[in-house]
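Input: a single structure, listed below in structure tokens.
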Amino acid sequence: MKTYIVFDLEWNQSPHGKEESIEDFPFEIIEIGAVKLDEQFHRIEEFHRLIRPQVYQQMHYVISEVTHMDMEELQSQGEDFATAAADFVRWCGPEAVYCTWGSMDLAELQRNLKYYQIENPFKNPLYYYDVQKLYGLLYREGAKPSLDVAVEELGLLEDRPFHRALDDAYYTGRVLEVLSEDPGAEQLLQYWSVDYFRLPASREEELRMTFPSYSKYVSRIFPSREAAMADRGVTEMKCYMCGRTLRKKVRWFTPNQKIYYGLANCPEHGYLKGKLRIKKVDDDRVFVIRTLKFTDEEGVERIMERKEYVRKKRSERNKAKRKRQQQDVQQKAVRKKKKTPVECG
Ligand SMILES: [Zn+2]
């Protein structure tokens, strides 16, 4: 039987900031809360564990303020992470569809598993529902409100606190249940998210997903941004309705080297606007998320304007740079002139 596992984690971090934080392990999970929903999104079971910290032995003040958890409670009632995680995965079962509020929890769970050298139990690629994204798509034109705001807006508020793992999982499950009862649910539930903790290892593993209103491509890892932008698979624009490779009307341009915009036209299906997001893996390496979406004349105009703006800014910057260089040369010449008589004398 297919079940939905709606889960939430609380984690702690170094109370002394980044310098005393362990690389690759910035967040230590201290609580797992989850509800299991049946195929109709009705709640059938709950799961809850506290975890005894082994790395960060002091609470970060923000974490204790937000969650009201303290070290004593965790030390006396918590289990070690490996045991709790194994229990959780067993409880979820093999047919679990994971659902979270936002996109961080699955990644942090995997990062903690990796730190303790526990084998990653999840499917790869790992598709899941980001309930915050679904809520935003249906009710907020894509905006992403916090869980307490969504709960308030839907009138689901009950006498349960926020920011503890089980309560947040419970509320996220309730939001998902409401979404599933909406007339637009069938289409909404086609908007799977994919987890980026494990990225495609080769060109063959790269991901291509088509949703009702856009398409998404997730690249493999490249040694640099330049290498990514030199790859045809990254920069091509194909119509996701008919598969045609399109000629670009506006070639990829970027205001900041992090996001690129482009535009193409399918003779059959119309204008397609593209966005490339360059995501850092570490200091040099990157991967790319490309989304393509159909647009109208107005959308085309906006892209043209943005391109013109970026061009203008760049030319202003170049002009200023040339001017600075010129001034440098002039100043050097003046200094030289002043020096000359001394040197001659
Ligand atoms: Zn087409």
The range 264-282 - residue that is within 12 Å of the ligand (Cβ to nearest atom) and over 23 Å from residue 314 (Cβ atoms) and, of those, surrounded by the most Cβ atoms within 10 Å (Cβ to Cβ): 272
Residues within the range 6-37 that are out of contact with any Asp or Glu (no Cβ under 9 Å at 6 or more places or on another chain) and of a type in the set (Asp, Glu), tallied: 5
Strands (runs of 3 or more DSSP E) completely within the range 172-263 that count 2 or more residues being crowded, with 18+ Cβ neighbours inside 10 Å and in contact (Cβ under 8 Å) with a residue 60 or more places away in the chain: 215-218
When residues of the range 51-85 are limited to those that are without any contact (Cβ under 8 Å) to a residue 12 or more places away in the chain and in a helix (DSSP H, G or I), the one surrounded by the most Cβ atoms within 10 Å (Cβ to Cβ): 64
Every pair of residues 6+ apart whose Cβ atoms lie under 9 Å, when the first sits in the range 14-41 and is farther than 30 Å from residue 170 by Cα while the second is of a type in the set (Val, Ile, Thr): 22/55
The one condition in (1) more than 16 Å from the ligand (Cβ to nearest atom); (2) without any contact (Cβ under 8 Å) to a residue 40 or more places away in the chain; (3) of a type outside the set (Ser, Thr, Tyr) that residue 303 fails to fulfil: (2)
Residue count for the range 286-297, restricted to those that are away from the ligand (no atom under 16 Å from the Cβ) and touching a helix residue (DSSP H, G or I) at 6+ places or on another chain (Cβ under 9 Å): 4
Selection within the range 86-128 - part of a helix (DSSP H, G or I), surrounded by fewer than 16 Cβ atoms within 10 Å (Cβ to Cβ) and among the acidic types (Asp, Glu): 87
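The numbers here are math on the coordinates, done by the rules we state, and not lab data. Source: prediction; values computed, not measured. Glycine also receives a Cβ, built like all others from the backbone with ideal geometry; neighbour counts cover every protein chain displayed.
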